[in-house]
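To start, the structure itself, in structure tokens.
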Amino acid sequence: MASFVLHPRRVPFAVALAVGAAFLCLPAPSAGQETAKSASKSTTPDFGAVREFIRKRMVSENVASAAVAVARDGQFLWEEGFGWADREKRIPACEHTMYSLASISKPITATGLMILKQRGKIDLDHPINDYLGEAKLRAWVGDAKDATVRRVANHTSGMPLHYNFFYADEPHHPPDRDETIRRYGILVHPPGKQYTYSNLGYGVLDHVIARQSAKSYADFMREEVFLPLGMTRASIDIGPGLEPYAATRYSRDGKPLPFYVVDHPGASAVYCSAHDLIRFALFHAKCRLPDQRAILSDDNLDTMREKPGPGAPNRDYALGWALGEYRGRRLFGHGGGMGGVSTILTVLPDEKMAIAVLCNSNTALPNLAEQRILALLVPEPAKSASSPSESKPADKKPAQEKKTEPKPSPVKLTGEWRGTVHTHKGDVGITLWFRESGDVHVRLGDQLKTLLNSVTRGDNRVVGVFTGDIGTEDANRTAYDLHLTLALRGDQLGGTLIAISRPGKRVGNALSHWVELKKRR
């Protein structure tokens, strides 16, 4: 057989580009020989309609790229990339392209946590503060001892909304984790009483992993999760040497976003290819590939997706996994979304089936494509009066909200309330005036009195939005509004004041602070 060599000075640019792009999409060397066999053509479902849907949707929404991987019984049924992982460098996407996963990072972090639990280094039902250093969670309501590792992992610890992004072209950097916990590690609900999705909770968990393993979070995940499962195109953020394989994140206007990091990497920072994400999913479906190590026992895998007990505020979120069903089949999975990221991973454990759809743009495409793949692979159950309805309809538009007229303030709240917003820079005064007309006015510190907008009220609660300056450098990195949520407890109003960045080309921040007020007259 004749051989040939492409001389670098004589190769046309387009050919050289194609050769380089093909190299980027070669399978990464796995921990052992790749053993998940491609299904034969005779047994492979026809994904043609889904493929066409993806292509059309990418054009209509200006989606930069997508990668899809589908497996069943240890066989990859379909793996394919669409569009450009990097438009400017003309690098095409493929199943081995590494995508930013956003919140699919959570079940991956929870897997690392469970390895330490399996080794006896962590007890899920001990207070998470037992595993922290000098900086610990502080309870404004309830008892911090009740904020267990398990409750942090299933978002019922009482921690509030939080996200915090730092871009490479800006002068700001995340503080160390102890400082982040000192600033924002607060409990605003009694632990175990309310479900509130908290990215910072998983930032605390990755800090616990680092402390208990005596390794960095990134090194622990690489050595104890990624490599043993053959996930060589997976890392925390973009690992050294993996830069050529990572997809660029694109804003809604189609322009590349500067690289960014967060102060809660355990919640949001994993990069992974669609192919390797399916390897991860198959392990969790107890369909371990021959070259994968049993990093967790079956009992611990079951614990991760064990439905919280009766009385739990949310029984559909376990340890990093969202739980559900489709056409009568159990499923677990997670979605992800942030600037230039839309992702979904779905696992049907009884069918040993997994679906991953990853995009480097903000789009509904992953969810819509996943629904079409599910509909193709999972037959409808026999129709009967008692048949369960599908828990995940394919493309259902949300119902229109009904507009309601403002209601007068209840007598309990009418009047003047004074109190304090607690920030890491110091306390800031706050005053609220509840009018009999239903209007609510607010003054923060010595700033001008302003109207509280978008107000919703009940007999013992108030929610609204206003503009002001909370006085911290963290919040003031972006333009923001202040979102107020208060509940009446005895003679005191307590709750959160969250500085949330206004919508723009970049995802900003949501920084929560505790507020307490008492009625003056």
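Each reported figure results from applying straightforward, stated rules to the coordinates on display, with no laboratory input. Given the structure is predicted, the values throughout are model-derived calculations rather than measurements. With ideal geometry, Cβ positions are generated from the backbone for all residues, glycine too; neighbour counts draw on all protein chains shown.
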Along the Cα-to-Cβ line of residue 412, 7 Å from the Cα, sits a label point; which residues in the stretch 422-459 have backbone N less than 15 Å from it?
457-459
Which of the GluC sites (Glu not before Pro) found in the stretch 432-521 are loop residues per DSSP with 13 or fewer other Cβ atoms within 10 Å of their Cβ?
436, 473
Taking only C-alpha pairs under 8 Å that are 6+ residues apart, what is the relative contact order of the stretch 101-242 in percent?
28
Say each of residue 49 and residue 489 gets a label point 7 Å from the Cα, pointing the same way as Cα to Cβ; how far apart are those two points in nm?
5.3
Stretched out fully, how many nm does the piece from residue 461 to residue 437 gain, at 0.36 nm a residue minus the Cα gap?
7.0 nm
Within 10 Å of each residue's Cβ, count the other Cβ atoms and sort 25, 272, 94, 359 from fewest upward.
25, 94, 272, 359
At each listed q (0.09, 0.17 Å⁻¹), what is the log10 of I(q)/I(0) that the Debye formula gives for the stretch 255-379 modelled as equal alpha-carbon point scatterers?
-0.29, -1.01
Mean separation of Cα pairs under 8 Å and 6+ residues apart, divided by the residue count of the chain: what relative contact order is that in percent?
15
Cysteines not pairable in the chain (beta carbon separation under 4.7 Å absent):
272, 287, 359
Once you order the gyration tensor axes a ≥ b ≥ c over the Cα atoms, which shape class does the stretch 102-377 get: rounded for a/c under 1.5, otherwise prolate or oblate by comparing a/b with b/c?
rounded
Working from the alpha-carbon coordinates of the stretch 415-519, get Rg over Rh, Rh being the Kirkwood radius.
0.96
With equal scatterers on the alpha carbons only and no solvent term, can you work out the Debye log10 of I(q)/I(0) for the stretch 407-474 at 0.18 1/Å?
-0.68
Residue 294 versus residue 473: modelled label distance in nm, points set 7 Å from Cα along the beta carbon direction:
5.2
Backbone HN-Hα couplings from phi across the stretch 298-315 [Karplus 6.51/-1.76/1.60, Hz, Gly and Pro as x]:
4, 4, 6, 4, 5, 4, 4, 10, 6, 4, x, x, x, x, 5, x, 8, 8
If you restrict to DSSP beta bridges whose two residues both lie in the chain, what percentage is antiparallel, to the nearest 5?
95
What would the Debye formula give as log10 I(q)/I(0) at q = 0.13, 0.14, 0.15 Å⁻¹ for the alpha-carbon point model of the stretch 180-290, no solvent?
-0.65, -0.74, -0.84
Estimated inter-spin distance, residue 451 and residue 375, nm [label 7 Å along Cα→Cβ]:
4.5
Cα-based equivalent ellipsoid of the stretch 87-177: semi-axis lengths in Å, sorted from largest, via gyration tensor:
33, 20, 12
If you average 1/r over every pair of different alpha-carbon atoms in the stretch 480-521 and take one over that average, what Kirkwood value in Å do you get?
11.6
Once normalised by the length of the stretch 478-521, the mean sequence separation of its alpha carbon contacts under 8 Å that are 6 or more apart gives a contact order in percent of 37
For the chain, what are the per-bin percents of Cα-Cα distances with bins 20 Å wide, up to the bin holding the maximum?
21, 51, 25, 3, 0
